[in-house]
Amino acid sequence: MPEFVTIPALLNLHHTDKRLRDTREGLENVTRDQRAAEEHLANVNADIAKMETEHREVLARLAAEELEASSKLQHIEKMRSALNETKTNKEYSAILVQISAEKALVAEIEGRAEGLMLKDQEMQKAIQALREKQQKAIENLESLRSSSAAKVDELNRRIEELLAARVEAAQKVPAEALKQYERIAQRHPGEVMAPVEFEEDDMENIACGGCFMGLNREDLNLLRGRDEIRRCRSCGRILYFAAVPSSETKSTAK
Ligand SMILES: [Zn+2]
């Protein structure tokens, strides 16, 4: 019986990686609602910023229209006083024509200003509504954060422990095997290794526990007899016996 080092060490690493992946998933689940709430708040904040920019533009346009109207009104007043200074009827009626033209312009400006004032009121209401939405979003986020804080801390602590355990587990794997393992891990994160599935009384049906493609008896025999890596020809995962003799594997299995 050869001494089995490679596969048990790989399995130990594999189990650590699986737990690492599960714990990260757990953290992901805990923080998912929180991230959705953060995103919602960010959207509301963006809406407020956009609306406030538009509102400032409306107010600036309103101020400009009002300035224009008041300068026109002053000019009309001047023209009215000028009426008394006129010498001829022709001069008088020319000024009257100009006054009425400017009054028409003032009416137009005031129409536009009125529209802008309505817009200003609408926007103030909309901004107010958005601010209430923002307040609710902040409260919701805070409550999610406080309720999950303990859980997040615990999971982060667990991840740190597992990362340390991973370093230790990786050190025990022969260098070449570790290289292969890490390469496969990029394709099958947390699932680099697959058990060989078979029944002792039915050796015709041997399969890779990762992709369920059939394996042959030779794979089984080589795996039983040698301390080396055998990979599934179909998915490339490193094969192992569920019953591989290793105290380490047993103690770290779930
Ligand atoms: Zn496979």
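The numbers here are math on the coordinates, done by the rules we state, and not lab data. For clarity, every value in this text was computed on a predicted model and none was experimentally measured. Because the Cβ atoms are built from the backbone with ideal geometry, glycine has one as well, and the counts that use them run over all protein chains shown.
Screening Glu197, Glu132 for residues that are of a type in the set (Asp, Glu), within 16 Å of the ligand (Cβ to nearest atom) and without any contact (Cβ under 8 Å) to a residue 60 or more places away in the chain leaves exactly one candidate, Glu197.
Yes/no per residue for (1) surrounded by 13 or more Cβ atoms within 10 Å (Cβ to Cβ); (2) within 30 Å of Thr31 (Cα to Cα):
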{"site": "Asn89", "(1), (2)": "no, no"}
{"site": "Ile99", "(1), (2)": "yes, no"}
{"site": "Ser146", "(1), (2)": "no, yes"}
{"site": "Arg157", "(1), (2)": "no, yes"}
{"site": "Glu168", "(1), (2)": "no, yes"}
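Residues that are more than 15 Å from the ligand (Cβ to nearest atom) and within 47 Å of the chain's Cα centre (by Cα) within the stretch 200-221 are absent altogether.
Among the residues of the stretch 1-12, are any farther than 30 Å from Leu118 by Cβ, surrounded by fewer than 16 Cβ atoms within 10 Å (Cβ to Cβ) and under 20 Å from the mean Cα position of the chain (by Cα)? Before you say what the answer is, go through the steps one by one.
First, pick out the residues of the stretch 1-12 that are farther than 30 Å from Leu118 by Cβ: 1-12.
Retained after the next criterion (residues that are surrounded by fewer than 16 Cβ atoms within 10 Å (Cβ to Cβ)): 1-3, 5.
Now restrict to residues that are under 20 Å from the mean Cα position of the chain (by Cα): none.
No, there is no match, as no residue in the stretch 1-12 is farther than 30 Å from Leu118 by Cβ, surrounded by fewer than 16 Cβ atoms within 10 Å (Cβ to Cβ) and under 20 Å from the mean Cα position of the chain (by Cα).
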